[in-house]
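Engineer: Below: one structure in structure tokens.
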Amino acid sequence: MESLPQMAVSFISFPSPRVINAGKSQHNEDQACCEVVVVERSSDVAPRASPEDTEGQGRKDLCFHYWGLFDGHAGSGAAVMASKLLHLHIRNQLRDLVDILQDASSPPICLQSDPRVLPTDRNRAPLAEEDAEFLNDALPRFHLEKAVSCESLVIGAIENAFQQMDEQIERERTTRLVAGGCCALAVVYLLGKFYVANAGDSRAIIIRNGEIIPMSREFTPETERQRLQFLGFLRPELLGNEFTHLEFPRRIQHKELGKKMLYRDQNMNGWAYKRIEEDDLKFPLIYGEGKKARVMATIGVTRGLGDHDLKVYNSNIHIKPFLSCVPEVRVYDLTQYEHCPDDVLVLGTDGLWDVTSDREVADVVMEALMGCEPNDPSRYTLVAHELVVRSRGVLKDRGWRLANDKLASGDDISVFVIPLGGPGNDT
């Protein structure tokens, strides 16, 4: 059992319980991070005055709470790097939004460093007031403008931060000796809302009054089949003349040429029959089922960070073009509900979810919390520890087993349990 150092958070101070390969080896590819991050206003953006701000100095800096889980594969380098830097990329992306997010009015469509200077020429001298009014009146007026919420700006900032992180890994992978890639699950708590960003097969759920609210989904060859097939269809050169973008229930044999067999392409949810041609004998872009499904017979996750050097075994076919670093971001507004001390957000790498269902996790959480005092700040750490231990299982004659005698997790296991309400919650 190994814990990260405790980090001060306004919710509560707690570490992330983790085990290395469930105690079955000494190599750990999971990384975790928990931080409180201050966002200072960008110097490129003029302060946005509020009605109470008569001097136009803008509002105070922003602060957000951050949790991140990074499940590495083919080495821990990408996970280590992302755990140290992703929250800084999120901070940088939010710097332009410091005033906007604290303003009740709609976000401006165009940011200007100085409202008295036309955005097309920053070196031009400020216009006289009457000239500025004349030019503004002369500009075409667009009455059909898309409404953009502040929430969507935060989502965009997080999405861009993931891309910036992936680009940094690509640039510095040689100098930093960054091997492999990682799934990334990051949570930002900002202005009363949780933003849960997931790229990979780690997951998050909220448990509120016994109800389970999924806050992410897995990104695997099966869940992203159509996106992958569509890319292979549009850019067949990425398949290296070795793979077909079509999916079949099993490998096609040469003796089945000319026969009609079940298949599906990038446009289909169902199945149909087609006559087998020579190209159909190539290995499928997506092959296998469940946890055994693979892209190009190599990797079982389709979103994450890194993997820039990943190739199909014994070939020069790069797999990175099929992998996305862009997360799906889901939002939970904490201010819309009353929460009790037993309401929590659970984050876990796939070492937890592969052997434990959402309902089982919720049952363990509720059972463990009932055995603790409501004001005990360590109760959430104890719950996370319990989830890790139960997923690791117990070593028996037939290997590591769960309480129901099913096979336990053989993967790294990392868990955060974050309280949503009750004592210690500053919301």
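What follows is calculated from the coordinates using simple rules that are stated; it is not laboratory data. Since the model is a prediction, treat every value here as computed from it, not as a measurement. We place every Cβ from the backbone using ideal geometry, glycine too, and count neighbours over all the protein chains shown.
Engineer: In whole Hz and in residue order, list the ³J(HN,Hα) couplings for region 66-83 that follow from phi through the Karplus curve 6.51 cos²θ - 1.76 cosθ + 1.60, θ = phi - 60°; x for Gly and Pro.
Structural biologist: Those phi angles translate into 9, 10, x, 10, 10, 9, x, 9, 6, x, 9, x, 5, 5, 4, 5, 5, 5 Hz.
Engineer: Sticking with this structure for a sec: Roughly how many debye, to the nearest 20, is the charge dipole of region 147-191 about its Cα centre, given +1 on each Lys and Arg Cβ, -1 on each Asp and Glu Cβ, and no other charges?
Structural biologist: Details: 3 positive and 6 negative charges, 36 e Å.
Dipole size: approximately 180 debye.
Engineer: Given a Förster distance of 35 Å, report the FRET efficiency between Glu242 and Asn404 from their Cβ-Cβ distance, rounded to the nearest 0.05.
Structural biologist: 0.25
Engineer: Run the simple label-point estimate for Met366 and Gln163 please: 7 Å along Cα→C-beta, distance reported in nm.
Structural biologist: Placing both labels 7 Å along Cα→Cβ, they lie 4.2 nm apart.
Engineer: Go ahead and run the numbers for FRET between Lys146 and Ser42, Cβ-Cβ distance against an R0 of 30 Å, rounding to 0.05.
Structural biologist: 0.80
Engineer: Moving on. I'd like to compare 277-290, 176-189: which one has the highest average count of other Cβ atoms within 10 Å, and what's the full order after that?
Structural biologist: Descending mean neighbour count gives 176-189, 277-290.
Engineer: Ranking request for peptides 403-409, 166-172: highest mean number of other beta-carbon atoms within 10 Å first, then the rest in descending order. Write down the numbers at each step before the final one.
Structural biologist: Details: 403-409: 14.3, 166-172: 17.7.
Result, highest mean Cβ count within 10 Å first: 166-172, 403-409.
Engineer: Treat each spin label as a single point 7 Å out from the Cα along the C-beta direction, and report the Leu177 to Asp397 distance in nm.
Structural biologist: With each label point 7 Å from Cα toward Cβ, the separation is 4.5 nm.
Engineer: Check Tyr287: other-chain or 5+ apart residues with amide H under 5 Å from its amide H, H built from backbone geometry?
Structural biologist: Those lying under 5 Å, H to H, from Tyr287 are Arg294, Met296, Ala297.
Engineer: With θ set to phi - 60°, apply the Karplus curve 6.51 cos²θ - 1.76 cosθ + 1.60 along region 278-293 and write out the HN-Hα couplings as whole Hz, x wherever there is a Gly or Pro.
Structural biologist: Result, ordered by residue: 4, 5, 6, 6, 5, 5, x, 4, 10, 9, x, 9, x, 5, 8, 5 Hz.
Engineer: Could you list, in their original order, any pairs among Lys255/Lys282; Lys84/Lys320; Lys320/Lys406; Lys274/Lys311; Lys84/Lys193 whose Cα atoms are separated by more than 25 Å?
Structural biologist: Pairs exceeding 25 Å: Lys320/Lys406; Lys274/Lys311.
Engineer: What residues have an amide H closer than 5 Å to that of Leu62, excluding those fewer than 5 places away on the same chain, when H is modeled at 1.01 Å from N in the peptide plane?
Structural biologist: Sorted by chain and number, the residues that satisfy this are Val39.
Engineer: Which far-off residues, 5 or more places away or on another chain, put their amide H under 5 Å from the one on Leu395, with H placed in the peptide plane?
Structural biologist: Arg401
Engineer: Report the label-to-label distance for Tyr313 and Asn267 in nanometres (one decimal), using points 7 Å from each Cα along the Cα→Cβ vector.
Structural biologist: Once both label points are built, they end up 3.5 nm from each other.
Engineer: Now for a different question. With θ taken as phi - 60° and the coefficients 6.51, -1.76 and 1.60, list the Karplus ³J(HN,Hα) couplings across region 171-184 in order, rounded to whole Hz; mark glycine and proline as x.
Structural biologist: Going residue by residue, I get 5, 10, 5, 7, 5, 8, 6, 8, 9, x, x, 7, 7, 10 Hz, with x marking Gly and Pro.
Engineer: Work out, step by step, the length gained on full extension between Asn92 and Glu328: first 0.36 nm times the residue separation, then minus their alpha carbon distance; give nm to one decimal.
Structural biologist: The Asn92-Glu328 span can extend by a further 83.0 nm.
Engineer: Now, a different point. Starting from the Cα-Cα distance between Thr335 and Glu289, subtract it from 0.36 nm times their residue separation and give me the gain in nm to one decimal.
Structural biologist: Between Thr335 and Glu289, full extension yields an extra 12.5 nm.
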